[in-house]
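Below: the structure, in structure tokens.
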Amino acid sequence: MNYYNKRMSPPVTFRVWGPLALFTDPITKGGEKASYPVPTQEACKGITESLYWKPTIMYHVISVRILNEIRYQAMGETPMITDQYATGHTSRRTQAYNTYLANPAYEITVRIHFNPFEKNMVQDRDMTKHVAMLKRAIKHGGRRDIFFGTRECQAHVELVDSENKEEGFYDQVSTDIPFGNQFLKYEYPNETGVPELQADFGLYVMKRGIIDFTEIEKKVRQQLVKRIDHIDLFKNKKVD
């Protein structure tokens, strides 16, 4: 669903990096976790909202550029699990191995636009202000903790401009690298005006290190997660 309005900001690009990343399919739960090879659009949006967020604005993630070689690292852990059919002690330790991305680094490009269904915040629609505050938050390391998929995968951030561009591992790879069908993003009711939570899936293709989410959005497969009919939010009309 194309719910982005035409009043978008100029693109803002920032670099994020850290020792580990774990971008998993949110539809699956439990068991040993294995990361997608690249961050999803939803993960990039979450990272951006950790930097700076207001009810007035929404982020459209344009693209992500993969800077380092995609490598995996398996790590063991001993999570606590509960057996609902056991008697007496129902919790026990088990051994699990999660597959992380090692030494990930990305350049994420986003645009800001206003939430057309947030009618109570119309007075806060100052694009120049929000772009400036996003850049200021990036320069200060973000307003909240930044992490790649899970809390244990902490990350750092810096603003990207013409003076601090970095070469990427895949910049000179002329062959397109497909990653198949992956989770793209959620479509939240407060952003679409539809009383449903939808999950979008699309075909990821990396071209010279760049994954263009606008191309993936042209052909997505949607899956209904749940209906949310009882929230009064959907009585609000779109505010232009």
message = Being touching a strand residue (DSSP E or B) at 6+ places or on another chain (Cβ under 6 Å), basic (Lys, Arg), under 20 Å from residue 13 (Cα atoms) and modelled with pLDDT of 95 or more: is that true of residue 65 here?
response = yes
message = Criterion first (in a loop (DSSP other than H, G, I, E, B) and surrounded by fewer than 19 Cβ atoms within 10 Å (Cβ to Cβ)) does residue 152 satisfy it?
response = yes
query = What are the pairs, 6+ residues apart or on separate chains, where a residue within segment 157-173 that is surrounded by 11 or more Cβ atoms within 10 Å (Cβ to Cβ) has its Cβ under 8 Å from a residue that is of a type in the set (Ser, Thr, Tyr)?
reply = 159/13; 160/13
message = For segment 124-148, which positions are in contact with a Lys or Arg (Cβ under 9 Å, 6 or more places away or on another chain) and assigned to a loop (DSSP other than H, G, I, E, B)?
response = 125, 145
request  = Would you check which residues across segment 100-124 are more than 19 Å from the chain's Cα centre (by Cα) and either surrounded by fewer than 16 Cβ atoms within 10 Å (Cβ to Cβ) or closer than 20 Å to residue 68 by Cα (or both) and list them?
outcome  = 119, 120, 121, 122, 123, 124
message = Regarding segment 132-153, can at least one residue be identified that is of a type in the set (A, V, I, L, M), under 14 Å from residue 53 (Cα atoms) and modelled with pLDDT under 90?
response = no
query = Of all residues in segment 179-222 being in contact with a Pro (Cβ under 7 Å, 6 or more places away or on another chain) and outside any strand (DSSP E or B), which is surrounded by the most Cβ atoms within 10 Å (Cβ to Cβ)?
reply = 189
ask   = So which residues in segment 1-36 are in a loop (DSSP other than H, G, I, E, B), farther than 20 Å from residue 214 by Cα, touching a strand residue (DSSP E or B) at 6+ places or on another chain (Cβ under 7 Å) and at pLDDT 90 or above, if there are any at all?
value = 18, 22, 35
First in segment 212-225 and of a type in the set (Lys, Arg), second anywhere and open to solvent by 100 Å² or more (accessible area, probe 1.4 Å), Cβ under 8 Å, 6 or more apart = 219/203
request  = Give the residue that is nearest to residue 192 (Cα to Cα), with candidates limited to residues of segment 125-138 that are of a type outside the set (A, V, I, L, M) and open to solvent by less than 60 Å² (accessible area, probe 1.4 Å).
outcome  = 125
task = For residues that are aliphatic (A, V, I, L, M) and open to solvent by less than 10 Å² (accessible area, probe 1.4 Å), scanning just segment 52-69, find the one that is nearest to residue 211 (Cα to Cα).
result = 64
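The values are calculated or read from the model by the stated rules, or taken from the named source; none is laboratory data. These figures come from a predicted structure and were not determined experimentally. All Cβ positions, glycine included, derive from the backbone under ideal geometry; neighbour counts span all protein chains shown. Areas reflect the complete protein model, heavy atoms only, side chains present, ligands, DNA and RNA absent. Shrake-Rupley method; radii C 1.70, N 1.55, O 1.52, S 1.80 Å.
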